[in-house]
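S.K.: My questions will all concern the structure given below.
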Amino acid sequence: MTDFLLELRSEEIPARMQAGARADLEKLFRKEMDAAGVALGQITVWSTPRRLALIANGLPDTTEAVSDETKGPATSAPDQALEGFLRKTGLTKDQLEVRDVKGKPTYFAIIEKPGRATRDVLADAIPAIVRAFPWPKSQRWGAASISTESLRWVRPLSGIVAIFGEDLVECEVGGIRSGYATRGHRFHAPGEITIGGAHDYARKLSACHVIVDHVERQDLIRDEARNVAAAAGLTLVEDEGLVIENAGLTEWPVPLLGRFDEAFLEVPPEVIQLTARVNQKYFVCEDASGALANAFVCTANIDAVDGGEGIVAGNRKVLAARLSDARFFWEQDRKTPLSTQAEKLGRITFHEKLGTLADKVERVAKLAEWLASEGIVPNCDPALARQAAELCKADLVTEMVGEFPELQGLMGGYYAHAEGLPDAVADAIRDHYKPVGQGDDVPTAPLTVAVSLADKLDTLIGFYFAAEYPTGSKDPFALRRAAIAIANLLTANNIRISLKSAIWKAASEIALSFMTTGKSPVRTHQQRFLINEFFNNSGQVSSIALSDKRLSALPDQVLITETLLLEFFADRLKVQQREAGVRHDLIDAVFALGGEDDLVRLLARVHALQAFVATEDGANLLAGYKRAANILRKENWQGIEAELSQTGEEDPLSEVDDPDLAVVIAAKMADRHAAERGLTYTPEPAENALLDALDSAEPEAAAAVAREDFAAAMSALASLRAPIDGFFDTVTVNDADPAKRAARLALLDRFRAAVHTVADFSRIEG
């Protein structure tokens with residue numbers, strides 16, 4: 001068994017592409033080896049800015065013989081099809097096999113490939129790997145680049161090292177021949193280094209100031225950055241993404257601490273951190289109090305003779321220029337009130353069907369005010385909710401957010417505080433984008449919740465109203481994320497709202513965005529009147545409105561939006577709750593009842609249902625339910641009236657033929673008791689027991705559901721477990737007497753309906 005080393009050396013590979021390149025190199029290598037029948041052991045892939053390296057341990061010296069099988073045309077196919085297949089495989093007709101495929105005789109080509117020397121296989125595989133490499137961006141270079149057939153690589157490829165054991169794997173790609181020689185660090189060891197094989201590759205490069213293992217470089221940067229910060233009495237602000245990026249920019253990383261002018265600390269700390277991170281790839285530090293310090297950690301790529309003083313000084317100058325720009329933006333933006341900035345939003349199109357950003361802000365403001373005034377978001381001032389919503393997008397037109405879009409919302413909060421707006425308004429502007437994704441903090445301040453919820457409802461309902469739905473893996477407007485954010489806001493803050501009412505309220509404002517001509521809103525008083533009339537009358541369109549083609553489409557449009565959005569929320573909840581350990585079928589079981597569009601109540605019901613079905617009573621009741629449902633389905637149950645109409649039974653309280661007979665009187669008394677329950681016969685004991693249990697459990701479960709005590713509702717249903725078991729053990733449902741059969745089917749239907757007060761058990765698996 002022999003080890004193989006492959007190094008592909010080039011000019012600088014962008015740090016952001018290196019992880020993908022490592023994965024692609026291993027994938028392509030495995031594909032080539034699998035096709036050749038080479039058994040693979042451990043594979044290690046490394047990257048630096050100037051090289052990709054792969055080491056495959058324990059390769060066989062020769063490959064196994066393999067049989068390559070190719071399916072051809074049917075024997076009944078035209079001669080031209082067979083001729084094409086023979087040309088493709090290089091065989092003659094008498095060399096083909098005929099096999100039966102789904103009843104049709106079909107040609108197959110079986111080509112036996114003898115074993116080969118693995119070194120020869122590798123020599124063929126390397127050019128194939130290089131030419132098939134899927135770089136996100138690549139280039140041609142040199143005189144050969146005039147041809148579209150010339151080699152493409154992320155940056156000009158300059159060398160190939162390919163060693164199998166200690167033997168060179170000879171190959172050539174785009175005029176570059178493989179060899180034993182590579183190069184070390186660009187400055188510390190720029191000359192050629194002869195590699196003996198996979199066993200000494202990393203050691204020889206390390207001696208020449210190249211740490212080829214990217215994980216080792218990451219660990220070094222992480223640890224040394226902490227150390228240099230700690231030596232200055234500071235704490236490094238951890239940033240794993242920056243660790244990985246710096247490791248992708250250096251072959252011999254040396255973290256160094258520098259200082260910048262304290263005067264820059266008047267700029268918000270997030271701006272300083274983002275400036276240092278995005279523009280310069282620097283870490284920032286905090287002092288003992290947790291405040292941002294006037295310090296940064298940069299990562300050099302050399303061991304400087306002066307200990308890095310010159311490098312730090314140069315980086316300090318560059319950072320100072322960047323921070324000066326940031327301070328200028330900060331000072332300029334504060335000269336203009338947010339209300340004035342917001343006026344510029346009318347120039348920015350939010351979406352061609354939904355108007356400008358100013359249109360969206362107005363809709364969000366009305367929706368936030370409604371959420372507050374209706375008490376849907378408790379303890380929220382409607383006037384402040386409107387004010388915060390009207391200003392929440394104003395920072396999008398500021399200089400700072402234009403430079404750093406990542407700071408949207410955050411800068412609006414800073415500017416609101418700076419101009420003396422109420423703290424609650426400033427905080428709502430700052431946090432109204434939250435929660436952005438799973439794991440993000442969910443706002444709890446009432447004003448922030450109102451604005452955040454209004455913003456996300458408008459986005460989600462607006463795009464659905466405009467028929468811009470997410471499809472497959474495509475979700476350009478992040479509607480899935482918006483739905484999860486809405487669910488998190490509602491459940492974390494126990495906000496009780498009907499999704500249907502929210503859809504209709506938001507749609508009443510969104511509809512106005514559709515009443516446009518070209519790019520300029522043309523909203524006549526008549527159009528406003530008709531739209532308001534439509535929504536205020538629960539979707540009833542007047543004869544006047546019907547004459548406007550755009551308005552006459554509103555009823556269907558809103559109902560389609562409502563239906564699709566409720567299905568969308570159900571799907572999103574399944575995904576979200578599955579990660580929280582909640583079964584998706586239980587969410588289906590609750591949604592299937594219909595009319596349940598309060599997410600807080602829905603999830604409370606789901607959680608109670610999950611706890612119940614996990615108990616013995618729950619499992620047995622589910623089994624009883626499914627048995628009852630199966631019987632009703634097999635009997636095609638149409639209802640008690642349809643069944644009794646076929647029996648011809650008389651009223652059980654009709655005159656007794658022989659009142660002197662005690663036994664007849666006793667029987668009629670029993671029939672009277674049965675009639676009070678809708679029966680025309682004397683029920684069996686188990687039947688009576690189930691009737692008694694239902695008489696008790698039905699109102700108890702219904703009352704518990706009404707007061708949203710779903711655990712109590714489950715407990716009431718649990719009392720039906722023993723009676724339904726006893727019923728099935730001793731009572732014949734399909735009795736020969738049509739009246740008994742009808743009544744017992746009706747009883748099972750009643751049992752099923754009682755269970756459905758909590759959930760549709762037919763949707764529950766198991």
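The values are calculated or read from the model by the stated rules, or taken from the named source; none is laboratory data. As the structure is a prediction and not an experimental result, all values here were calculated from the model. Virtual Cβ from ideal backbone geometry, glycine too; neighbours counted across all protein chains shown.
S.K.: Among residues belonging to the range 87-123 that are in contact (Cβ under 8 Å) with a residue 40 or more places away in the chain and part of a helix (DSSP H, G or I), point out the one that is surrounded by the fewest Cβ atoms within 10 Å (Cβ to Cβ).
M.R.: Residue satisfying both the conditions and the ranking: ALA123.
S.K.: Restricting attention to the range 588-613, which residues are touching a Lys or Arg at 6+ places or on another chain (Cβ under 8 Å) and over 17 Å from ILE486 (Cα atoms)?
M.R.: Within the range 588-613, ASP588, ALA589, VAL590, ALA592, GLN610 qualify.
S.K.: What strands (runs of 3 or more DSSP E) lie completely within the range 1-78 and have 3 or more residues being touching a residue at least 40 places away in the same chain (Cβ under 8 Å) and touching a strand residue (DSSP E or B) at 6+ places or on another chain (Cβ under 8 Å)?
M.R.: Answer list for the range 1-78: 2-10, 51-59, 66-74.
S.K.: Please give the number of the condition ALA181 fails out of (1) modelled with pLDDT under 95; (2) over 14 Å from LEU52 (Cβ atoms).
M.R.: (1)
S.K.: Oh, and also: Would the range 4-16 turn up any residue that is in the same structural domain as SER178 (by TED's automatic domain parsing), exposed (fewer than 12 other Cβ atoms within 10 Å of the Cβ), closer than 21 Å to ALA132 by Cβ and among the small types (Gly, Ala, Ser)?
M.R.: No, because not a single residue in the range 4-16 is in the same structural domain as SER178 (by TED's automatic domain parsing), exposed (fewer than 12 other Cβ atoms within 10 Å of the Cβ), closer than 21 Å to ALA132 by Cβ and among the small types (Gly, Ala, Ser).
S.K.: If a residue has to be exposed (fewer than 14 other Cβ atoms within 10 Å of the Cβ) and within 37 Å of the chain's Cα centre (by Cα) to count, how many in the range 691-710 make the cut?
M.R.: 2
S.K.: I would also like to ask the following. Mind checking whether some residue in the range 158-174 is surrounded by fewer than 13 Cβ atoms within 10 Å (Cβ to Cβ) and closer than 16 Å to LEU8 by Cα?
M.R.: Yes, because at least one residue in the range 158-174 is surrounded by fewer than 13 Cβ atoms within 10 Å (Cβ to Cβ) and closer than 16 Å to LEU8 by Cα.
S.K.: Check the range 405-417 and report whether any residue there is surrounded by fewer than 24 Cβ atoms within 10 Å (Cβ to Cβ), of a type in the set (A, V, I, L, M, F, W, C) and either in the same structural domain as ILE376 (by TED's automatic domain parsing) or within 24 Å of PHE350 (Cα to Cα) (or both).
M.R.: yes
S.K.: Okay, moving on. If you check VAL575, VAL590, VAL613, which single one turns out to be in the same structural domain as LEU499 (by TED's automatic domain parsing) and hydrophobic (A, V, I, L, M, F, W, C)?
M.R.: One residue alone meets the criteria, VAL575.
S.K.: Of the conditions (1) of a type in the set (S, T, N, Q); (2) closer than 22 Å to GLU562 by Cβ; (3) at pLDDT 95 or above, GLN408 fails just one. Which one is it?
M.R.: The failed condition is (2).
S.K.: Is the range 236-243 home to any residue that is surrounded by 19 or more Cβ atoms within 10 Å (Cβ to Cβ), among the small types (Gly, Ala, Ser) and in a helix (DSSP H, G or I)?
M.R.: No: the range 236-243 contains no residue that is surrounded by 19 or more Cβ atoms within 10 Å (Cβ to Cβ), among the small types (Gly, Ala, Ser) and in a helix (DSSP H, G or I).
S.K.: Could you please give the count of residues in the range 419-477 that are part of a helix (DSSP H, G or I) and under 25 Å from THR561 (Cβ atoms)?
M.R.: Summing the residues that are part of a helix (DSSP H, G or I) and under 25 Å from THR561 (Cβ atoms) in the range 419-477 gives 17.
S.K.: Any chance the range 124-139 includes a residue that's of a type in the set (S, T, N, Q), outside any loop (DSSP other than H, G, I, E, B), under 29 Å from VAL173 (Cβ atoms) and in the same structural domain as MET33 (by TED's automatic domain parsing)?
M.R.: yes
S.K.: Within the range 587-634, track down each residue that is touching a Ser or Thr at 6+ places or on another chain (Cβ under 9 Å), part of a helix (DSSP H, G or I) and surrounded by fewer than 16 Cβ atoms within 10 Å (Cβ to Cβ).
M.R.: LYS626
S.K.: Here is a further query. Tell me, please, whether a residue that is at pLDDT below 50, in contact with a helix residue (DSSP H, G or I) (Cβ under 8 Å, 6 or more places away or on another chain), over 26 Å from ASN620 (Cβ atoms) and surrounded by fewer than 12 Cβ atoms within 10 Å (Cβ to Cβ) can be found in the range 658-672.
M.R.: Yes, the range 658-672 has at least one match.
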